[in-house]
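Only the coordinates and a few stated rules stand behind these numbers; no lab work does. Here the structure is a predicted model, which means the values were calculated and not measured. Cβ sites come from the backbone with ideal geometry, for glycine too, and all protein chains shown count toward neighbours.
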Amino acid sequence: MRDLSYKAVMARQTEIMRQAVGLDYSQFERPDSSFDYEALMAAVPYSLEEVRKIQESLHVGHTPFVYLDNLTALARKFAPEGQGAKIYLKDEASNPSGSYKARRASLSVYEAKRLGYKGVIAATSGNYGAAVASMAAKLGLKCIVVQECYDSRGIGQPEILEKQRKCEALGAEVVQLNVGPELFYETLKLLEETGFYDASLYTPTAIAGVETLGYELVEDCRGVLGKDPDYVIATNAGGGNLTGTARGVKKAGADNTKIYAASVDLSGLHMASDHDFNRKSFTTGHTGFGIPFTVQPDRSDVPRNAARPLRYLDRYLLLKQGEVFYITEALASLEGMERGPAGNTSLAAAFALAPTLPEDKVIVVQETEYTGAGKHPMPQLSFAQDQGIEIFFGDPEEEVPGKNIILPEHPSKIGLRDYDLADLRRSALRRMIAKMPEIGPEQKTYLRAELNCDESFLEEELRAQGRA
């Protein structure tokens, strides 16, 4: 009998993960605590074209590329003359499970079957669970989804409960937990007990599955407009959405396309807090995941996270909860597209960005997600009210996460806010160099790639942190 105490299971996590992923991460490690990221991604045993064929066989991808002419026209009402970029949308809700995560799951579950695993396990409270369940059903594998669902009172958010329903409808067994540190522990126990494949969000296979999204949207833009997108905006949480999309955009040769992240600002709320768990109205796409995973990506459930958004970020935009709910309703009432709120975080950012750009510029919002009984804004807002959150129309700048949700009193009130990328880079650098005994030319090359910065910035920050 194995020791199943928390301490013992966590001590075995490296061995459990190696068996569950079928990948020896040690081959990518260097003695100086850096690692070979591109070699990790090259370990995916499929070319981009092969990935596209696998996804086509599973009815994933080739999603509509939609011009949001009415929302573009509305944004231009608040723009100076000659301003107001076109807003296009990649409608990923058209995938089998209703989100872009079908791309991640399709390749992960396909790989699990190729390697001979009998089932897959995914630890997620989001759309990824439904995506893994969908692909497992298609490929004939068993599926277990582990969710962090309830606070200590046994109260679950409508959005998470909706995703439970979706996972179970697709044939998955759903294990539901209270918020806390048990999620990874319970997942490790299940992986060890079942011998199933770990369909983690953060394996190189999962990220490679998203590369087709970036590649495809560039193809779409060229086909419709005869040019590359000027800006691609991705909702950012754990970083896989942005990382995979950006890599696909680069593989398509769109080197001048700017990659922007967008997250809901939940400053002041702690994601692992039992008290704060139900005081937020977004379970993903927010700063509670977006900021920590950007500066410390290897805090994930695999030894080295293949989602590394800081390598690709050109700008990081923040939205308020009320603004995203508002633009979700605007998409439905103006464009006839009812989509879930988390995927509309990047759309809200695009709406705020468009008036600042010339009319001939093109912004591509690279994903949507399905909506449903629990994911719709109305049950979300009703649930927030039940938790004592005030909801009213006004100035979103006055919104305080956990206290109120302020819907814009006018669409021009949707704001454009930047998170300082230099601060993110400094924070990430501090963590990386703490483990490096020396910093020579090879280490500096690695650090510049990880931080997506130039030589002068790195040298200045190394001096400031006493490691020049």
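For K413, a cut-off of 14 angstrom between C-alpha atoms picks up these aspartates and glutamates, skipping any fewer than 8 places away in its own chain: E323, D395, E397, E398, E399.
When every Cα-Cα distance of the range 320-448 is counted in 10 angstrom steps from zero, the calculated P(r) takes the values 11, 31, 26, 17, 12, 3 percent. Annotation: aspartates and glutamates with alpha-carbon distance below 16 angstrom to K166 (same-chain offsets under eight excluded): E148, E369.
Here r is the Cβ-Cβ distance between N256 and E455 and R0 is 30 Å; the resulting FRET efficiency, rounded to 0.05, is 0.90.
Once C-alpha pairs closer than 8 Å and six or more residues apart are averaged by separation and normalised to the residue number of the range 321-456, the relative contact order reads 21 percent. Above 45 Å, the calculated P(r) of the chain contains 7 percent of its Cα-Cα pairs.
Given K86/K403; K138/K251; K189/K435, which pairs have Cα atoms separated by over 32 Å? Mind showing how you got there, number by number?
Working: K86/K403 35 Å; K138/K251 29 Å; K189/K435 30 Å.
Violating the 32 Å limit, Cα to Cα: K86/K403.
Local charge for G394 was computed over the other residues whose Cβ lies under 14 Å away, with Lys and Arg +1 and Asp and Glu -1, and equals -4.
Can you run the Rg to Rh ratio on the range 401-451? Use alpha carbon positions and the Kirkwood inverse-distance Rh.
On the way: Rg = 18.9 Å, Rh = 14.5 Å.
Reported Rg/Rh (Cα atoms, Kirkwood Rh): 1.31.
Put a plus charge on the Cβ of each Lys and Arg, a minus charge on the Cβ of each Asp and Glu, and nothing anywhere else: the dipole of the range 362-468 about its Cα centre is then about 440 debye. A Förster radius of 41 Å combined with the Cβ-Cβ distance from T194 to Q465 puts the calculated FRET efficiency at roughly 0.40.
When the alpha carbon coordinates of the range 268-394 are projected onto the principal axes, the ranges are 45, 44, 27 Å, largest first.
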